[in-house]
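Have a look at the structure below before the remarks.
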Amino acid sequence: MRTRHPHRAPPDVRFSEPGSPLLAVENLEVRYGGIRALKGISLHVCRGEVVALIGSNGAGKTTTLRTLVRLVQPAAGTLRYAGEELTTIGTEQVIERGVSLVPEGRAIFPNLTVRENLELGAFLHRDKTTIAESLHDVEQLFPRLGERMAQEGGTLSGGEQQMLAIGRAMMGRPSLLLLDEPSLGIAPKLARQIFEAIRAIAAAGVTVLVVEQNTRLALEVASRGYVLRTGEIAREGSSKELLADPMVREAYLGA
Amino acid sequence: MRRVPAVVLFAIGALTCVGLDLAYDGLVSWDRGSKFWLHILVVCAINVLGATSLNVVNGMAGQFSIGHAGFVGIGAYLGGAIVSNLALALKIPVAALKDNLSLGQSFLLLPVALVVVGLVCAAIGFVVGLPSLRLRGDYLAIVTLGFSEIVRLTVLGISADSATNPLTRAIASLGGSLGYRGPKVGEDYLGVPSVAGPFWTVGIAALAVFLALRLKRSGFGRALRAVREDEIAAAAVGVDPAKYKVTAFVLAAAGAGVAGALLAVQRDGPGIVGPANMKFDKSFEVITMVILGGSGSVSGAAIGAVLYTVIFYASEEALHQLAQAVPAFGSVDAAALRMTLFATALIVVMLVRTQGLFGERELFEKKADDGTPKPPSPSSDDATGTAKEALAS
């Protein structure tokens, strides 16, 4: 990326070298009424890493991401991002600090044009030049979106909508990109393209935490992964280890 | 096309409105019959204000308020009370207050009244909107419906006999089912003065349309539309849904209040503010205007309001003429006929053109690309091909 967020403070020096933890979650617990959706999970994502969070329906993957951007209240635990505690600030501030979420199910704005969708991704930015450059970067990342700028978001195909959702998140110039099931309901070929784009985003220095049901695809792109099962971390390790793990193979790879 | 500066637009608009106001007086003194048409103009303008303000919350923010009449009613009572009491306090002769006040005199009374009404209604809107808009879904519809009924029944239910404390006495002074007729002067009621001519009504309606258009095109308007489309996605880009929904609701409440105040003190007005202003059919009327015109479109809401008002009076007049020719038509209930007419119109709109006349578009605005007839793109099989090079630079 050529430009920086003009309002974002430079990252804390202690965390600036690659390999240090950008995000550290400790004993995170979330309750919906009487149900414990997350039963004290701990995970970390280092700067520059791509980490996958895999698991089946209802394991708590979406809850984890939503809690990170403070859309869901944690019952207990700490969320540290670049050395700062996130549980004490609101969603707006979390996003301002450089965390972007691509919500589940291609949550775009269907009646707004592609351009309006993307511009909303830079909602917290004020600098026009930065926004224009972000838009340019997203067009380079997804040329298809560039061709459909004046089109309404809802008229795009499923894969294009997912590209739009990711493009919109990238308009916020995140340091940490959170993706919730980017391959959900998308043709396999397009899903692969989306993951290629995620790889490109990571190559540009953005740290990525991706939640995915498509375990193989996710672990191909990620260097490490966590397996979430009924609100607990069941396994963690490098992608290679997880792909070889008998439990993971049986439960999530169908091998 | 060069953009005309806002100040120039403003000056032209203000002068036009003064001209309209003077023309109104001139026309009426020349031909009493023209009063009817001028009355329609004034009501059109007030309805435009009502519809434009409702459109901010129902159309732009996508939250369904069905209690707009509650705020219109509060504005009407409050506006009527402030203007009549202020007129007495300023020692405007009672005889003069029985007739239309001049444009000059209206400047003494209206600015204060409208600002106070706007602020009070905004504050009430905040109290009503805050708890209901933090929740998702249809809570707002239920709460607003309940709210307007509570206000109406409170005014209706407290009579002078049952008033025991200052609060109930104040509510009882609003006249209950008889309506508010201004403070008592001697034996008689003063009546709500007729102050607001075309200068105020048309002027404020035009200002409201102008501001609503600006709002829609601003970052605020875009945030509202984002909330309407998908609250989670809006939150994910840093738009706080509750904050924007409540602000939209507060703006709508303030607009409704000002519309109500203008309704109460309109020139050649009825001189009385009745609780019927707050009935559910009044809320339904405004919703009809917005939906007919196209939810989310400012010009659509305005045109919907004008259409509605014109059809309203035209059907009344047609029925009146018909009844004179064929006496049997004299027994037709005009209000029921109108209800049938507009209900049918709404059904037709829902069947033929769900999005209303304009959809979300504005008058003279280009249609968004619907995307179907597209030449095949050279890069469509390689959507991320240049991604690496682009990001590496």
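Can you tally the net charge around A:LEU65? Count Lys and Arg as +1, Asp and Glu as -1, for every other residue whose Cβ sits under 9 Å from the Cβ of A:LEU65.
0
Take B:ASP25 and B:LEU363, extend 7 Å from each Cα along the Cα→Cβ direction, and tell me the distance between the two endpoints in nm.
Taking the two extended label points, one gets 2.9 nm.
Over all pairs of distinct alpha carbons, what does the Kirkwood formula give as the hydrodynamic radius of chain B, in Å? It would help to have the intermediate numbers written out before the result.
Numbers: mean 1/r = 0.0439 Å⁻¹.
Computed over Cα pairs of chain B, the Kirkwood hydrodynamic radius comes out at 22.8 Å.
Could you work out how much longer the chain between B:LEU119 and B:SER162 gets when fully extended? Use 0.36 nm per residue separation minus the Cα distance between them, nm to one decimal.
12.5 nm
Could you report the accessible area of B:ARG32 in Å², rounded to 10, computed with a 1.4 Å probe on the protein chains as they sit in the structure?
150
What's the extension gain from B:ASP138 to B:PHE126 if we count 0.36 nm per residue and subtract their Cα-Cα distance?
2.6 nm
Taking only DSSP H segments of four or more residues, each worth -39500 (n - 2.57), what value at 222 nm results for chain A once the sum is divided by all its residues, to the nearest 500 deg cm²/dmol?
It lands at -10000 deg cm²/dmol.
Taking H as built 1.01 Å from N, whose amide H comes closer than 5 Å to the amide H of A:GLU232, not counting residues under 5 places away?
Result for A:GLU232 returns A:LYS39.
Could you report the protein assembly as shown's accessible area per residue, 1.4 Å probe, as an integer in Å²?
44
When you look at the Cβ of every residue in A:93-101, what mean number of other chain Cβ atoms sits within 10 Å?
Neighbouring Cβ atoms belonging to other protein chains average 2 per residue here.
Can you work out D for chain A in µm² s⁻¹ from Stokes-Einstein, where Rh is the Kirkwood radius over C-alpha pairs, the temperature is 25 °C and the viscosity is 0.890 mPa s?
Value of D from the Cα-based Kirkwood radius: 133 µm²/s.
Stokes-Einstein D for segment B:59-160 at 10 °C, 1.306 mPa s, Kirkwood Rh over Cα pairs, in µm²/s?
The estimated diffusion coefficient comes to 101 µm²/s.
Would you mind getting the Kirkwood hydrodynamic radius of the protein assembly as shown from its Cα pairs, rounded to one decimal in Å?
27.9
Among DSSP bridges having both ends in chain A, what percentage is antiparallel? Round to the nearest 5.
55
Could you check what % of the DSSP bridge pairs in the protein assembly as shown are antiparallel, to the nearest 5?
On the way: 26 of 47 bridges.
In the protein assembly as shown, approximately 55 percent of DSSP beta bridges are antiparallel ones.
Rounded to the nearest 100 Å², what is the buried accessible area between A and B, both sides summed, probe 1.4 Å?
The summed interface area works out to 3300 Å².
State the percentage of accessible surface on chain A attributable to carbon and sulfur atoms; use a 1.4 Å probe and exclude ligands, DNA and RNA.
Here it works out to 49 percent.
Taking the Cβ of B:LEU20 as the centre, find all other residues whose Cβ is under 15 Å away and add up their charges (Lys, Arg: +1; Asp, Glu: -1).
Computed value for this residue: -1.
Can you figure out the FRET efficiency of B:ILE232 with B:LEU153, using R₀ = 25 Å and their beta-carbon distance, to the nearest 0.05?
The calculated FRET efficiency here is 0.10.
To the nearest whole number, what is the average tally of beta carbon atoms from other chains within 10 Å of the beta carbons of peptide B:73-81?
0
Compute the acute angle (0 to 90°) between the alpha-carbon long axis of helix B:68-89 and the principal axis of greatest extent of the alpha-carbon atoms of chain B; round to the nearest 10°.
40
What is the Cα centroid distance between segment B:312-365 and segment A:139-215, reported in whole angstrom?
49
Once the Cβ-Cβ distance between B:VAL332 and B:ARG353 is put in as r, and R0 is 22 Å, what FRET efficiency do you end up with, to the nearest 0.05?
Rounded to the nearest 0.05, the efficiency is 0.15.
At a 1.4 Å probe, what is the % contribution of carbon and sulfur to the accessible area of chain B?
Heavy-atom surface of chain B belonging to carbon and sulfur, 1.4 Å probe: 68 percent.
May I ask you to order B:83-90, B:297-304 by the average number of other C-beta atoms within 10 Å around their residues, highest value first?
Working: B:83-90: 18.8, B:297-304: 27.8.
Per-residue Cβ counts within 10 Å, averaged per peptide and sorted highest first, yield B:297-304, B:83-90.
Which FRET efficiency value, to the nearest 0.05, is calculated for B:LEU15 and B:SER218 with the Förster distance at 22 angstrom and r the Cβ-Cβ distance? Provide the component values of the computation, followed by the final result.
Details: r = 27 Å, r/R0 = 1.23.
Computed FRET efficiency for B:LEU15 and B:SER218: 0.25.
With every protein chain kept in the model, how would you rank B:ASP25, B:ASP99, B:ASP230 by accessible area, 1.4 Å probe, largest at the top?
Descending accessible area places them as B:ASP99, B:ASP25, B:ASP230.
Using only Cα atoms, find the angle between the long axis of helix B:219-229 and the longest principal axis of chain B, and express it within 0 to 90 degrees, rounded to the nearest 10.
Once rounded, one gets 80 degrees.
Take the alpha carbon gyration tensor of segment B:1-124, find the square roots of its eigenvalues, order them as a ≥ b ≥ c, and report rounded if a/c is under 1.5; if not, report prolate when a/b exceeds b/c, else oblate. Could you put the intermediate results ahead of the total?
Numbers: a/c = 1.66, a/b = 1.18, b/c = 1.41.
Oblate, because a/c is 1.5 or more while a/b does not exceed b/c.
Measure nothing fancy, just the Cα-based angle from helix B:241-264's long axis to the longest principal axis of chain B, in degrees from 0 to 90, nearest 10.
Roughly 30 degrees between the two axes.
Within 10 Å of each Cβ in peptide B:240-247, how many partner chain Cβ atoms are there on average? Round it to a whole number, please.
1
Which value at 222 nm does chain B reach when only helices count, each DSSP H run of 4 or more adding -39,500 (n - 2.57), with the total divided by all residues and rounded to the nearest 500 deg cm²/dmol?
Roughly -22000 deg cm²/dmol at 222 nm, from the helical runs in chain B.
Could you sort the peptides B:103-110, A:223-230 by per-residue average Cβ neighbour count (10 Å cutoff), highest mean leading?
Working: B:103-110: 17.9, A:223-230: 20.9.
Ranked by mean Cβ neighbours within 10 Å, highest first: A:223-230, B:103-110.
The values are calculated or read from the model by the stated rules, or taken from the named source; none is laboratory data. Values in this document were obtained by computation on a predicted structure and should not be read as measured data. We place every Cβ from the backbone using ideal geometry, glycine too, and count neighbours over all the protein chains shown. Surface accessibility is based on the protein's heavy atoms, side chains included, excluding ligands, DNA and RNA. Shrake-Rupley method; radii C 1.70, N 1.55, O 1.52, S 1.80 Å.
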